[in-house]
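What follows is a short report on a single structure.
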Amino acid sequence: MKLPPLSYQRPTDLREASLMLGSESMPAVLAGGQSIIPALRFGERSESSLVDISRLAELQGITHADGFLRIGAGVPMWEVCGSPEVATSAPLLIRVLGSVGAVGIRSRATLGGSLAWADSTSQLPSTLIVLNAQVETTERILDAADLQIGQHQTVLRRGELIVSIQIPEVELTGSGFHLIRKTHITWPVVGAVAVREPSGQLRLVVFGAAPTPILAVGADRAKLLSQLSSRILPFDDERARAGYRGQVAPILAGRALDEAIGSNT
Amino acid sequence: MNSTIPSPRETNTHHAFGQPRETIESARHVRGGGKFVADLQLPGMLHVALLRSPKAHARIVEIDVRQARSLLGVHAILTGADVQKSTSSIYTMAQMHKPPLDIPLHALATDKVRHVGEPVVAVAARTRAIAEDAVRLIRVKYEDLPPVADADAALASGAPLVHENIAGNLIMHRQHDFGDAESVFKNADHVVRRKLRWPRQTGAALETFGCVAQWQPGVDELTFWSNHQSNVLLWTLGPTLGLPPHRIKGIACDIGGAFGAKFWQPRAMVICALFSRLTTRPVRYVEGRVENLVGGDNHGEDRTYDAELALDSSGKMLGLRFSVVEDYGSAFILGPINNAEPLAQATGPYDIAAFAFDFTAVLSNKVPQAAYRGFGGAAHNFMLERLVDAAAVELGLSAVAIRELNLLQPEQFPYRTATGNIYDSGDYPTALHRAVKESSYDLWRERQARAREVKDPTRAIGIGLVSCQERSVQSGTALWLMFDQEPGRNTTAAESASVRIDSQGSVRVALHSPSLGTPTETIAATVVAEELGVPADSVSVSRLDTSMAGPAMGPSASRMTVMLSGAVAGAVREVIEKMRPLAAHLLEANPEDLMWDPSRACFTIVGVPESSATLAAIAHLANGHALRLPAGCRSGLESTYTYDHPMSSMPHADGSDWGNYAPIVGHTVHVPVVEVDLQTGAVTFLDYFVMHDCGTVVNPDAVRGQVVGATVQGIATALTEELAFDEQARPQNTDFRSYFLPTFLDVPAIRLGHMETPSPFTYRGVKGIGEGGRMAAPAAVVSAIEDALSPYGVRINEVPVTPEKILKWLGNASAAQ
Amino acid sequence: MKPVKLEVNGIVHEVFLEDRTSLADALRDDCGLTGTRLGCEHGVCGACTVLVNNRPERSCLVLATQAEGDTIGTIEGLAASPTVLAPVQQAFRQAHGLQCGFCTSGMLLTAQSLLDHDPDPSPAVIRDWMHGNLCRCTGFDQIIESVQLAATLIKQDQAREEELS
Ligand SMILES: Cc1cc2nc3c(=O)[nH]c(=O)nc-3n(C[C@H](O)[C@@H](O)[C@H](O)COP(=O)(O)OP(=O)(O)OC[C@H]3O[C@@H](n4cnc5c(N)ncnc54)[C@H](O)[C@@H]3O)c2cc1C
Ligand code: FES
Ligand code: FES
């Protein structure tokens, strides 16, 4: 199974990237390539040109700025996992990244790519939402929660690139993460991630239970779960049926909350 | 065997067997130096891509290849019409039936497509990428026909026909009763019954199928390089291609795993052959992964059982019977083998006198079945062990007690089963007791009891236990059971090997059939070491192509270690006999007074060990020193030995006895311990213990690799793997994102216990080991999960057991309460 | 088609490729390095794993042209010379970490990257690091032991070197 014919361009900076992306040929963005390349092979995506943003300096780097941890959208997950900055400021992100694909995928896959790919079963956008992250694009700054609007659908406009992810550096008093998967090299079926803020406020995000991540915020565990139940809109795919997702999502949500409430990380 | 060397049953000293040893094969593989079929680079080689049907059942109205043909780099295009003009139907077992069953199979679909993934048009181009581009430019117009999506649909009245001349989609229906099962069931105190479902799965070797064909004009000879696991396929391609078989040469490449699923892949070989004849270039096809899963002619058994076990009031098993309906898909490639082969061990390790079955084979619009590790034995063992578990529950016996009561006893061997197949040897009670002890079975039961007292609503522990047979060393006669056939078709599936010793005393072995990714080269070298006494790593091993190969079926149904060691040992012993007069000449002794001493690799005079003729000295003399040879001897030191199946026997004409076709029988007990998450249905392993007995062990690490590897495949059979079809017969699991192979994190470490009950019938007592793990693990894992869920009254009658199903069953159980 | 320079195992190959050519195909078909295997071509199996700047990557999901300027290591370059084996290769032979050998190239390179990262990995760490590499033959146990043996062999080599210096 070879790739169909395509042309490849590697811009030297963001400005050039935007120009290329605006061109007639309607190119696709190539970051880590771990989702777009298989999709092109399977004919699930049909772009015939690629703009490689993986080496753009503007999309690299992990830094602290103004109370935020800023992670370049093009930084491979491998580097995020190995970063001491992330380990201290957002240990939950490292824990969750450890469940994404495998090292040989994380060596290239990027946070920006994961957000833009916007798969409803991914644990990553949900984690960034639970961490109250902001997404810096070439055009604006968005709440991570406002990015995805459907399965593989985001509010990003054509040519708009994610530049960085900015995670507020708040000391959390607890976190929890639970998911179900068929095997450890396939995407999750359904899962939940939760944190407890110093105020006692809980944030819960459930993935794989609706076309977009479901965010619920509040101090009361039971209320969060009931908020959740009204928003579950499960779907069938090759890994599970809607009924199962709907049944298990609240269970995992409860466990993630319990862990967040009971733990002190 | 005409040899004066001490036979293994007289002396039990092993020189090379049973010792840890690096494999010959691994030396190239750790360097990336294996030569797989996709690694072949031949000048001018063309690459094939196939347009495969997106529909399960449709008439082909029109094929337009004009645009594809004009694409730069495309050399040739074939459609079904071209194939039909230049070949006859591919030789399948349907044709060997008497009279032939009218289930033709062409390399490319002709009038209509019969399954999703059926090849319709083939393109040969300069690169695979260009060939795929061309395929995208081809337009095919189909006229939809109603698809037959499963066995029920196939047998429904008025069902659409998959093949027009097979009425009711019914390939065959057979009933056999061995030992008057009917009256046994009538009079039994207890009868337990289960209806079971086993869907398709596949070997999914990491390497897909591939081949290269090279036609040589003038000589009219066709050479195939390929990674299919058996010579049998090559023998059958001649009639299809209109070539005398000796004009077809098969060269085996390294093979990246097979598991039965590379046994029969004729379609692409025919296509490559036709392209090569057309272009006179070498032509290669390598399956993509989707093609492998969807259209690779490699799916395993697909059946439903309605099965019953009759017992007396004490729990003694009296009879087994079942009716089975098997969905063979759109052709009958290997005949009813997936149903015939398991009957070698129909009644398992138990002493059951009466056995009967009712077998129905149907056609459907699925890709044809072939083989997957166990030839249907995994499903059969699953059926039998489900019944045994059910009987234990019904009679209030423990899983251990019901087996203790019914296992065959050591003194019953050789044991003749109800169907006539012999079990050569075994010690099943010891295997069971050791398994119980070494798995800490009782401790797990205590832990389970404590957990049950706590009544944790979120999780439950389950302990599985099964005792299963691993029939091995298939004789070809298995292929013909249940078949009306020409007499004389019963191949006993011999295996050949050649051994040559050069003037330096170096030993070369040539194997006559392909590998399937198991260390056959190492086994051959080890047998040479065992017999001759030279170090195994000094032996060179190569493979003959089929043009000079003797009768050699190649690996399937766990036959290779037994058959190959028989062939190599036979050849070595003949070479030793050729050396005897030469050694006598050198030692000025009487040939009869000499004996071969494998501990020193020399001939010695009996009783005078210090006077010896070394291998090197004899070999030097034997290779081209005619003037120094004793009278009556010729130069050259080699032998080709064809080893016949050690105890195959003819089926009885009246069907009362099916003869011996897999009589070398290993045994295994599996004890998995699982924890089931009652809220999510997730299953995790707390332990997995396997007790196994494959007779004499040639290479302990290789045996462990086979047992663990097959067990892990069996675990995935139980939990995740399935090739499902929707009601339109469209495959649902088309790539590795939806066909769920297990990873390092999905399976437990497997603890092993070894037993060695040598076979009295084979070379040094070896038995096959390739399939047992997969033939037992599905039954064992399901047994464990059912045990965990038993407080909720859940009964499990199918695989795979997914979290989704577990929650459904728990829901049904609580709704019923 | 355009010229692409690939630095593989310390040697620069100049090859002419279409943009769509994957790194795996370029290595196998154009650089003559067929030890890199293709098991799925969609990122799941890991058979095509190579080291790019010392990280394990799936060469079926990287375009060859993307790898220009990178340092690529394949199975053919794992040992210092054709006549010796790297400890991890030796360990896989000794501990029977393979059967058919099709997953082995990717497995060895992933194992090497693990040992570079963690010289003394536990079985749990090995399972986690290696789980993107499927093996259909072994059932994994002997691979885990091979990686542990490799760790021991490397330590022995280092001890020997320290003794010498
Ligand atoms: C076998 C396998 C298992 C996997 N398992 C998981 C899993 O368990 N969980 C999970 O979440 N993911 C999983 N992934 C996916 C993986 O995490 C990534 O592929 C990822 O999500 C996408 O990142 P990428 O950098 O590879 O993006 P690419 O594949 O390069 O691009 C993906 C999409 O994002 C767009 N894009 C990329 N970067 C940007 C940007 N900066 N701005 C705007 N648009 C952009 C592209 O146009 C494209 O449409 C798996 C992948 C594989 C192959
Ligand atoms: S071939 Fe690249 S991951 Fe399978
Ligand atoms: S050794 Fe065959 S796939 Fe791993």
Can you name every residue in the range B:189-211 that is aliphatic (A, V, I, L, M) and open to solvent by 20 Å² or more (accessible area, probe 1.4 Å)? B:191
Taking the conditions exactly as written (β-branched (Val, Ile, Thr), away from every other protein chain (no Cβ under 14 Å) and in contact (Cβ under 8 Å) with a residue 24 or more places away in the chain), does residue A:173 satisfy them or not? yes
Give me a count of the residues in the range B:435-455 that are in contact (Cβ under 8 Å) with a residue 40 or more places away in the chain, out of contact with any Asp or Glu (no Cβ under 9 Å at 6 or more places or on another chain) and either open to solvent by 70 Å² or more (accessible area, probe 1.4 Å) or over 30 Å from residue B:319 (Cα atoms) (or both). 2
By residue number, the members of the range A:2-59 that are buried (at least 16 other Cβ atoms within 10 Å of the Cβ), within 16 Å of ligand 2 (Cβ to nearest atom) and assigned to a helix (DSSP H, G or I) are A:36, A:37, A:38, A:39, A:40, A:41
Considering only the range B:199-234, how many residues are touching a residue at least 40 places away in the same chain (Cβ under 8 Å) and under 30 Å from residue B:379 (Cα atoms)? 20
Within the range A:136-154, can you find the residues that are over 17 Å from residue A:216 (Cβ atoms) and either within 14 Å of another protein chain (Cβ to nearest Cβ) or more than 9 Å from ligand 1 (Cβ to nearest atom) (or both)? A:136, A:139, A:140, A:141, A:142, A:147, A:149, A:150, A:151, A:153
Requiring at least 1 residues that are touching an Asp or Glu at 6+ places or on another chain (Cβ under 6 Å), the strands (runs of 3 or more DSSP E) wholly within the range B:61-149 are B:139-144
Is it true that residue B:49 is at pLDDT 95 or above and part of a loop (DSSP other than H, G, I, E, B)? no
Matching option when the condition is open to solvent by less than 50 Å² (accessible area, probe 1.4 Å), more than 14 Å from chain C (Cβ to nearest Cβ) and in contact (Cβ under 8 Å) with a residue 12 or more places away in the chain, among B:61, B:37, B:116: B:116
Taking residue B:240, is it among the polar types (S, T, N, Q), within 30 Å of residue B:67 (Cβ to Cβ) and touching a helix residue (DSSP H, G or I) at 6+ places or on another chain (Cβ under 8 Å)? no
I'd like the full set of residues that are closer than 12 Å to residue A:206 by Cα and either open to solvent by 70 Å² or more (accessible area, probe 1.4 Å) or touching a strand residue (DSSP E or B) at 6+ places or on another chain (Cβ under 7 Å) (or both), limited to the range A:218-228. A:224, A:227, A:228
Consider the range B:688-709. How many of its residues are more than 24 Å from residue B:413 (Cβ to Cβ), open to solvent by less than 20 Å² (accessible area, probe 1.4 Å) and not hydroxyl-bearing (Ser, Thr, Tyr)? 5
Please work out which one of (1) within 14 Å of chain A (Cβ to nearest Cβ); (2) modelled with pLDDT under 95; (3) touching a Ser or Thr at 6+ places or on another chain (Cβ under 8 Å) is the condition residue B:812 fails and give its number. (3)
Of the residues in the range B:399-434, those that are assigned to a helix (DSSP H, G or I) and open to solvent by less than 10 Å² (accessible area, probe 1.4 Å) number 6
Regarding the range A:119-127, can at least one residue be identified that is within 13 Å of another protein chain (Cβ to nearest Cβ) and touching a Phe, Trp or Tyr at 6+ places or on another chain (Cβ under 9 Å)? yes
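The rows are residues; the columns are (1) in contact (Cβ under 8 Å) with a residue 60 or more places away in the chain; (2) in the same structural domain as residue A:158 (by TED's automatic domain parsing); (3) in contact with a Gly (Cβ under 9 Å, 6 or more places away or on another chain).
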| residue | (1), (2), (3) |
| --- | --- |
| A:25 | no, no, no |
| A:31 | yes, no, yes |
| A:37 | no, no, yes |
| A:42 | no, no, no |
| A:47 | no, no, no |
| A:63 | no, yes, yes |
| A:68 | yes, yes, no |
| A:71 | yes, yes, yes |
Report yes if some residue within the range B:277-289 is of a type outside the set (A, V, I, L, M), in a strand (DSSP E or B) and either over 19 Å from residue B:379 (Cβ atoms) or open to solvent by 10 Å² or more (accessible area, probe 1.4 Å) (or both); otherwise report no. yes
Within the range A:74-95, of all residues that are open to solvent by 20 Å² or more (accessible area, probe 1.4 Å) and small (Gly, Ala, Ser), the one farthest from ligand 2 (Cβ to nearest atom) is A:89
Count - residues of the range A:98-133 that are more than 22 Å from residue A:237 (Cβ to Cβ) and within 7 Å of ligand 1 (Cβ to nearest atom): 3
Do you know which residues across the range B:240-266 are of a type in the set (D, E, K, R) and surrounded by fewer than 24 Cβ atoms within 10 Å (Cβ to Cβ)? B:247, B:249, B:254
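For the range C:37-67: of the residues being among the aliphatic types (A, V, I, L, M) and within 16 Å of ligand 3 (Cβ to nearest atom), which is farthest from residue C:26 (Cα to Cα)?
Among those that are among the aliphatic types (A, V, I, L, M) and within 16 Å of ligand 3 (Cβ to nearest atom), it is C:44.
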Within the range C:127-164, considering residues that are within 12 Å of chain A (Cβ to nearest Cβ) and surrounded by fewer than 24 Cβ atoms within 10 Å (Cβ to Cβ), the one nearest to ligand 1 (Cβ to nearest atom): C:131
Could you give me the residue pairs with C-beta distances under 7 Å whose first residue belongs to the range C:38-49 and is more than 7 Å from every other protein chain (Cβ to nearest Cβ), whose second residue is part of a loop (DSSP other than H, G, I, E, B) and open to solvent by 10 Å² or more (accessible area, probe 1.4 Å) wherever it lies, and which are 6+ apart or on separate chains? C:48/C:38
Kindly evaluate residue B:713 against the criterion of being within 10 Å of another protein chain (Cβ to nearest Cβ) and open to solvent by 10 Å² or more (accessible area, probe 1.4 Å). no
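Among the residues of the range B:158-175, what is the count of those that are among the small types (Gly, Ala, Ser) and not in a loop (DSSP other than H, G, I, E, B)?
Qualifying residue count, the range B:158-175: 2.
The values are calculated or read from the model by the stated rules, or taken from the named source; none is laboratory data. Keep in mind that this is a model prediction, so the values were computed, not measured. Here Cβ is always computed from backbone atoms with ideal geometry, including for glycine, and neighbour counts include all displayed protein chains. SASA here: full protein model, heavy atoms, side chains in, ligands and nucleic acids out. Shrake-Rupley method; radii C 1.70, N 1.55, O 1.52, S 1.80 Å.
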